[in-house]
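Trainee: One structure, as structure tokens, below. Some questions next.
The values are calculated or read from the model by the stated rules, or taken from the named source; none is laboratory data. Being a predicted model, the structure only gives us computed values, none of them experimental. Because the Cβ atoms are built from the backbone with ideal geometry, glycine has one as well, and the counts that use them run over all protein chains shown. The area values use the complete protein model at the heavy-atom level, side chains included, leaving out ligands, DNA and RNA. Shrake-Rupley method; radii C 1.70, N 1.55, O 1.52, S 1.80 Å.
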Amino acid sequence: MEIKELIAKATANMEKAVEYLDEQLSHVRAGKASPKLLDGIMVMYYGNATPLTQVASINTPDAKTIVVTPWERSLIKDIEKAIMDSPLGITPENNGELIRLGLPPLTEERRQLVKQTKGDAEDAKVSVRNARRDAIDAIKKSVKTDGTPEDVAKDAEAEMQKVHDRYIKKIDELFAEKEKEIMTV
């Protein structure tokens, strides 16, 4: 029973690594407009730093444009300032009722973005490998201390390797998909 718990715990840790990578990659600007690009932007709202998504609606009418519509007109200047101060590097267009963000095409930045996403994918792989290593170490320890039969331990190690391989494949697929998205003009 304990071996199954170890495998389940390691699998959960691997799943978290893949989910974190997916979240990180969704924030990378890849030439295609996505509301997630604005997730980290905070706006001063009645003296409090508030996430942009809580004070405005964010839409993508086409692949190159993001439209931010504040729920209160008085916030438009604060939202514009928050976007200008963010690391996005996009100048907002304010027409008094909404803010339009035109995403410029990526040029030399593409290679840098691919390197960044590859680094993020590699970090996720390291997390998956660490989860596998910890589980296998715990399995080996249970053979010595708890008297777990060696054939059960070997089967558990093989199962852990299969789970590891499945999550590494998921990470590679996520990276390949993002790389394709970045390199598409």
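Trainee: Any idea which of Ile79, Gly47, Gln112 is furthest toward the positive side of the dipole for the chain, if Lys and Arg beta-carbons carry +1 and Asp and Glu beta-carbons -1?
Mentor: Selected residue: Gln112.
Trainee: If you don't mind, another one. May I ask you to derive the FRET efficiency for Val143 and Lys118 from their Cβ-Cβ distance with R0 = 30 Å, giving the value to the nearest 0.05? Present the calculation step by step, with values, prior to reporting the outcome.
Mentor: Details: r = 38 Å, r/R0 = 1.25.
Calculated value: 0.20.
Trainee: Among Ile168, Ile90, Ile58, which one shows the biggest mean-square fluctuation in a GNM of the chain, springs joining Cα atoms closer than 10 Å?
Mentor: Top of the fluctuation ranking is Ile90.
Trainee: Taking just the C-alpha trace of region 1-160, give me its Rg and Dmax in Å.
Mentor: Cα-based Rg and Dmax for region 1-160 come out at 23.2, 72 Å.
Trainee: Also, I was wondering about something else. Taking 0.36 nm per residue of sequence separation and subtracting the Cα-Cα distance, how much length would be gained by fully extending the chain between Asn95 and Lys9, in nm to one decimal? Kindly include the intermediate steps, with their values, before the conclusion.
Mentor: Details: separation 86, 0.36 × 86 = 30.96 nm, distance 5.17 nm.
Here the segment from Asn95 to Lys9 would lengthen by 25.8 nm.
Trainee: Then there's this: Say each of Ala176 and Met44 gets a label point 7 Å from the Cα, pointing the same way as Cα to Cβ; how far apart are those two points in nm?
Mentor: 4.9 nm
Trainee: Give the carbon-plus-sulfur fraction of the accessible surface of region 45-93 in %, rounded to a whole number; probe 1.4 Å, heavy atoms of protein chains only. Don't skip to the answer; put the middle values down first.
Mentor: Numbers: 1490 of 2880 Å².
Within region 45-93, the accessible surface is 52 percent carbon and sulfur.
Trainee: Let me ask you something else. Along Cα→Cβ, 7 Å out, is where each label goes; now give me the distance between the ones at Asp165 and Lys77 in nm to one decimal.
Mentor: 6.2 nm
Trainee: Straight distance only, please: which lysines reach the Cα of Lys115 with their own Cα at less than 27 Å, same-chain residues fewer than 8 apart left out?
Mentor: Output for Lys115: Lys16, Lys32, Lys36, Lys64, Lys125, Lys169, Lys170, Lys178, Lys180.
Trainee: To test your reading of the geometry: what angle, between 0 and 90 degrees and rounded to tens, separates the Cα axis of helix 76-85 from the longest principal axis of the chain?
Mentor: Orientation of helix 76-85: about 50 degrees from the principal axis.
Trainee: Another one. Place a +1 charge on the Cβ of each Lys and Arg in the chain and a -1 charge on the Cβ of each Asp and Glu, then give the dipole magnitude about the Cα centre in debye, rounded to the nearest 20.
Mentor: Details: 29 positive and 33 negative charges, 64 e Å.
Using Cβ point charges on Lys, Arg, Asp and Glu, the chain gives about 300 debye.
Trainee: Now a separate question. For Lys144, give me every one of the lysines with a C-alpha distance below 28 angstrom, ignoring sequence neighbours fewer than eight places off in its own chain.
Mentor: Correct list for Lys144: Lys4, Lys9, Lys154, Lys162.
Trainee: Okay, next question. How many Å² of accessible area per residue for region 1-158, probe 1.4 Å?
Mentor: Accessible surface, normalised per residue, equals 59 Å².
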